[in-house]
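Chemist: Structure provided below as structure tokens; questions to follow.
Read-outs: derived from the displayed coordinates by stated rules, not from any lab. Note that the coordinates shown come from a computational prediction; the quantities given were computed from them, not determined experimentally. Here the Cβ is made from the backbone with ideal geometry for all residues, glycine too, and neighbour counts use every protein chain on show.
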Amino acid sequence: MSSPIAHWDPEYQRRAATIVERYPDVRSAVMPLLYLASLHHGHVTEEAMEEVAALTGLTAAQVQSVASFYTMYKRERVGRYLVSVCTSISCFLRGADEVLAAVEGATGVVDGETDDEGLFTVEHVECIGACGGAPALQVNYEFVEGVTPAKAAELCRWLRDARPEVVLGDEMQLLFGGRPSFDPGAPEPEGAIAPVPAFGPYGSARPGTGGGR
Ligand code: FES
């Protein structure tokens, strides 16, 4: 029987095989495989969930229950830059609503939506663990802390103009952030590559862009 992901890019197939090998019970690989499938498809599609089900031996319904539980599995198309504004209590008390409004104004995208061009998706999120640096936001899950509405709008305009392929938290913090919650230590060299937010160890890069592991 042919592999359910035989049509994937060979590099993604290799990553999937590496993930599967890592788990004694392949069902435990459902989350990283879902993540990889979302990279292949651009978001977690029905087809992606069926492929992951076939790879893991889970039912499509079981895979869907995982995908729908975690908000970071995107069930719809996501823009090249996913701007996530924390609106939980610490950030709320320090002006998160104004930051969100500034982001919506600068991108032209309202909370929960993606623009037609596929450049920005804007969302509000629950606490992202940067309360000491409130208000905080993320771009493709890279943190920017201590933002102001003006700086958040400036950040969005910069993304629109510069269109960086790799979004670096350190760089954005320096250019548009304020007081961070703590010193993160060593600089992060890889950042997050658009359009789908990505992290190691499953690879930050699309095939051919370098940097994937
Ligand atoms: S409340 Fe915003 S990071 Fe915790």
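Chemist: Set the Förster radius R0 to 22 Å, insert the Cβ-Cβ distance between Ala61 and Ser2 as r into 1/(1 + (r/R0)^6), and round the FRET efficiency to 0.05.
Modeler: Computed FRET efficiency for Ala61 and Ser2 comes out at 0.40.
Chemist: With the alpha-carbon atoms as the only input, what is the per residue convex hull volume for region 81-193 in Å³? If you can, show how the numbers build up before the last one.
Modeler: Working: hull volume 9.4 nm³, N = 113.
So the per-residue Cα hull volume is 83 Å³.
Chemist: Mind giving me the nanometre distance, one decimal, between the label points for Glu11 and Glu47, set 7 Å out from Cα along Cα→Cβ?
Modeler: With each label placed 7 Å out from Cα toward Cβ, I get 2.0 nm.
Chemist: Counting other C-beta atoms within 10 Å, which of Tyr81, Tyr141 has the fewest, and how do the rest follow? It would help to have the intermediate numbers written out before the result.
Modeler: Values: Tyr81 25, Tyr141 15.
Going from sparsest to densest Cβ surroundings: Tyr141, Tyr81.
Chemist: Which shape class, rounded, prolate or oblate, goes with region 65-138 when its Cα gyration tensor gives a ≥ b ≥ c as root eigenvalues, a/c under 1.5 marks rounded, and past that a/b bigger than b/c marks prolate?
Modeler: On the way: a/c = 2.54, a/b = 1.22, b/c = 2.08.
Since a/c reaches 1.5 but b/c is at least a/b, the shape of region 65-138 is classed as oblate.
Chemist: Cα centroids of region 111-134 and region 69-83: how far apart, whole angstrom?
Modeler: 9
Chemist: Now, a different point. Taking R0 as 25 Å, what FRET efficiency do you get between Met72 and Arg157 from their Cβ-Cβ distance, rounded to the nearest 0.05? List each step's numbers first, then the result.
Modeler: Details: r = 26 Å, r/R0 = 1.03.
Efficiency at R0 = 25 Å is approximately 0.45.
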